[in-house]
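J.: First, the structure itself, so that you have it in front of you.
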Amino acid sequence: MVAHMATLNNSAAMMTASGGSDSGAAKAAPLRNAAGLRRDLELPEILGSPKADSAGGLGVLRLAQLAGRDKGLVSRTLATLAAVGLVSRDDATPNYRLGYQLYAVAARTLESRLLRASVPYLRRMVTATHETTHLCVLRGGSALTLASELSEYAFRGLGREGQHRCLAHVIGAGTR
């Protein structure tokens, strides 16, 4: 069931649902070297995939293959990302995983504040409908689940917070 949170009709929910704020100001000029930064930030995105998570992380060679980049460049980029805590290297294997600093940054986001504010409403919806409810935000053309409040009944869908980016126009939130 896709639950709409009309009671959270405040500016934070509106900003998040639309994918950000639009103050009407002109967009800033593209940053110099933004293409390189974009490529570098692709590595944590790959490390955050379910496949990388289930494998316990990924090594430099596999990351280079998946990103379509030179392994030397990937190795240097990972060293830089590791130095600031965005990725971490497993001491027992050559694998890299997402680092602690990503979680610290994520905890300070607008979505985090929206998540905290939404919990009582999600719980009320579960109580009223006896169905699992989901809080989702749009990211481009995809829906990202931020939180799921599970029904007390045995037959229920599992919450997949942050795990899936589903095409918003193809399926309902919380389903595959």
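J.: Among what's in the range 103-135 and is touching a strand residue (DSSP E or B) at 6+ places or on another chain (Cβ under 7 Å) and under 25 Å from residue 88 (Cβ atoms), pick the residue that is modelled with the highest pLDDT.
T.: The selected residue is 115.
J.: Additional query: Taking the residues in the range 72-99 that are among the hydrophobic types (A, V, I, L, M, F, W, C) and not in a helix (DSSP H, G or I) as candidates, determine which candidate is nearest to the chain's Cα centre (by Cα).
T.: 98
J.: Tell me which residues, restricted to the range 55-102, are over 15 Å from residue 40 (Cα atoms), out of contact with any strand residue (DSSP E or B) (no Cβ under 8 Å at 6 or more places or on another chain) and polar (S, T, N, Q).
T.: Result: 93, 101.
J.: From (1) modelled with pLDDT of 80 or more; (2) among the hydrophobic types (A, V, I, L, M, F, W, C); (3) surrounded by fewer than 18 Cβ atoms within 10 Å (Cβ to Cβ); (4) outside any loop (DSSP other than H, G, I, E, B), pick out the condition that doesn't hold for residue 138.
T.: Single failed check for residue 138: (1).
J.: Considering every residue within the range 147-164, establish whether at least one is farther than 25 Å from residue 87 by Cα, at pLDDT 75 or above, among the charged types (D, E, K, R) and surrounded by fewer than 18 Cβ atoms within 10 Å (Cβ to Cβ).
T.: yes
J.: While we're here: If we scan the range 56-71, do we find a residue that is under 22 Å from the mean Cα position of the chain (by Cα) and in contact (Cβ under 8 Å) with a residue 40 or more places away in the chain?
T.: Yes: the range 56-71 contains one or more residues that are under 22 Å from the mean Cα position of the chain (by Cα) and in contact (Cβ under 8 Å) with a residue 40 or more places away in the chain.
J.: In the range 105-122, is there at least one residue being of a type in the set (Phe, Trp, Tyr) and free of Cβ contacts under 8 Å to residues at least 12 places away in the same chain?
T.: no
J.: In addition: Given the conditions (1) touching a helix residue (DSSP H, G or I) at 6+ places or on another chain (Cβ under 9 Å); (2) among the β-branched types (Val, Ile, Thr); (3) over 29 Å from residue 135 (Cβ atoms), report the number of the one that residue 93 does not fulfil.
T.: (1) is the only condition that residue 93 fails.
The values are calculated or read from the model by the stated rules, or taken from the named source; none is laboratory data. This is a predicted model, so every value here is computed, not measured. No Cβ is skipped: glycine too gets one built from the backbone with ideal geometry, and neighbour counts run over all protein chains shown.
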